[in-house]
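The structure appears below as structure tokens.
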Amino acid sequence: MFLRRIVSALFLSSALLNAGGEDIRLPTANDFLYKGQLDKFYMYIDRDFEGQKTKAWEGGGYGFVRNPARINGEVVMCKFHEGIDICPMERDKAGNPLDIVNSISDGTVAYVSPVAGASNYGKYVVVEHNWDNTAVYSIYAHLSEITCKPGDPVKCGGPLGKMGFTGAGIDRTRAHVHLEIVLKISDRYDDWNKAIGGAKNAHGNFNGQNFTGVDAARFFIERRSNPGLTFNAFVASTPVHFKVTVPSKGIIPEFARRYNWMLHGDADKAKSWEISFSATGQPVAFNASERIVSGPTITYLKNASVPHQYLTRGLVKGDNGTGSLSIGGKQLVALISDDFPVAPPEKTDKEKTEKPVVVKPLKPKPKPN
């Protein structure tokens, strides 16, 4: 049964690919996004706001779509959701989803987390794609089964596993695949995590905090209407909410070297880097600057009618056009700008149990009379 569904999914993905001439596609057979029937595309969340209980499909979208609060007379969504939650198209008699989850584009399986309890993502797969000559990643979370392994090449529409409801905060009723399209921030994530006193990292550089995501649904829709749209141009079109200037230290940060299409200006003359961020904390551009700063400094902030903490997932504090980075904001900027120390190597098991050798000082010999 499972094999027949894989074959069926491959046939469907091939048909979609050949029909549209696309190299990027949705990860399952659910294409209600393109039909404008969003309530059938997104998996809802249960919402209880001001005494009204609803099953809000908007909560399955990307961005600030969860935890409504009334602030200064406005209803503001305070919780950020970095991916999109896609509904199943098929279920068995027990209600378990049967949908095959496929790669959205050609690539290589970069990481697999097969243990459901090891992350809020549950069982998840990360695929690395070469888009515009740089590494872009897609994440597929809450899977019930994984049918690939790290290093496997995958084609657009190639199967990765089966939809499920592993991970925190979902059950069989709300089973879905959580999809993210992301950029990797650092190859030294573990050093940063130790520097900020973070929780134990079980996923190396493939920890979810080491990725910064874009609006996948918007990318699919815009790409469908304009097949020539590059990922670079899509990211560049993201509205800027705030800018942070950091000292250059005479180097280009690793993130900017990896995604060098974000770099603007003369890097050789840069005394600092002005990093443009979307409201969600997604870097949009790195501009070489002659401004001299001693540390991360907000040099632009969009005017807003509610406190910025609600609009920037807590990265920025302040009101209107004035603000400062929160602790979380400073930590994110540090990760993106390589402003953290190299962690000392961990002790081996032997070193942890070995008692230190105590050398007693020699007693001086008595002087002869």
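The values are calculated or read from the model by the stated rules, or taken from the named source; none is laboratory data. Fair warning: this is a prediction, and the values are worked out from it, not measured in the lab. Reconstructed Cβ throughout: ideal geometry from the backbone, glycine too, with neighbour counts over all protein chains shown. Surface accessibility is based on the protein's heavy atoms, side chains included, excluding ligands, DNA and RNA. Shrake-Rupley method; radii C 1.70, N 1.55, O 1.52, S 1.80 Å.
Some observations on this one:
- Residues of segment 108-131 classified as in contact with a strand residue (DSSP E or B) (Cβ under 8 Å, 6 or more places away or on another chain) and either aliphatic (A, V, I, L, M) or assigned to a strand (DSSP E or B) (or both), total: 16
Each row is one residue, and each column tells you yes or no for (1) open to solvent by 30 Å² or more (accessible area, probe 1.4 Å); (2) closer than 20 Å to Lys184 by Cα; (3) of a type in the set (Asp, Glu); (4) over 21 Å from the mean Cα position of the chain (by Cα).
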{"site": "Glu58", "(1), (2), (3), (4)": "yes, no, yes, no"}
{"site": "Tyr62", "(1), (2), (3), (4)": "yes, yes, no, no"}
{"site": "Asn96", "(1), (2), (3), (4)": "yes, no, no, yes"}
{"site": "Asn130", "(1), (2), (3), (4)": "yes, yes, no, no"}
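- When segment 289-306 is filtered for residues that are more than 24 Å from the chain's Cα centre (by Cα), touching a residue at least 40 places away in the same chain (Cβ under 8 Å), surrounded by 16 or more Cβ atoms within 10 Å (Cβ to Cβ) and under 29 Å from Asn67 (Cα atoms), only Val306 remains.
- Meets criteria (closer than 24 Å to Asp85 by Cα, of a type in the set (Val, Ile, Thr) and open to solvent by less than 10 Å² (accessible area, probe 1.4 Å)) for Val244: no
- Within the option set Ile181, Ile170, Ile185, Ile139, being closer than 21 Å to Glu82 by Cβ, at pLDDT below 95 and of a type in the set (A, V, I, L, M, F, W, C) holds for one residue only, Ile170.
- Residues considered: Glu274, Glu180. Of these, the only one that is charged (D, E, K, R), on the phi < 0 side of the Ramachandran plot, out of contact with any Pro (no Cβ under 8 Å at 6 or more places or on another chain) and in contact (Cβ under 8 Å) with a residue 40 or more places away in the chain is Glu180.
- The one condition in (1) open to solvent by 40 Å² or more (accessible area, probe 1.4 Å); (2) closer than 18 Å to Ile181 by Cβ; (3) at pLDDT 95 or above that Asp23 fails to fulfil: (3)
- Check on Glu82, within 15 Å of the chain's Cα centre (by Cα) and open to solvent by 30 Å² or more (accessible area, probe 1.4 Å): yes
- Of all residues in segment 109-122, those satisfying the criterion of being free of Cβ contacts under 8 Å to residues at least 60 places away in the same chain and either surrounded by 17 or more Cβ atoms within 10 Å (Cβ to Cβ) or not β-branched (Val, Ile, Thr) (or both) are Val109, Val112, Pro114, Ala116, Gly117, Gly122.
- The criterion of at least 1 residues that are touching a Ser or Thr at 6+ places or on another chain (Cβ under 7 Å) and charged (D, E, K, R) is met by the following helices (runs of 4 or more DSSP H) wholly inside segment 186-287: 254-258.
- Residue in segment 332-341 that is open to solvent by 100 Å² or more (accessible area, probe 1.4 Å), modelled with pLDDT of 95 or more and either part of a helix (DSSP H, G or I) or not acidic (Asp, Glu) (or both) present: no
- Where strands (runs of 3 or more DSSP E) sit wholly within segment 42-107, those with at least 2 residues that are more than 22 Å from Thr147 (Cα to Cα) occupy 45-49, 52-56, 63-71, 74-81.
- Selected residue (only one of Gly157, Gly164 is at positive phi and either open to solvent by 10 Å² or more (accessible area, probe 1.4 Å) or not hydrophobic (A, V, I, L, M, F, W, C) (or both)): Gly157
- Flag for Asn232 being touching a His at 6+ places or on another chain (Cβ under 9 Å) and open to solvent by less than 40 Å² (accessible area, probe 1.4 Å): no
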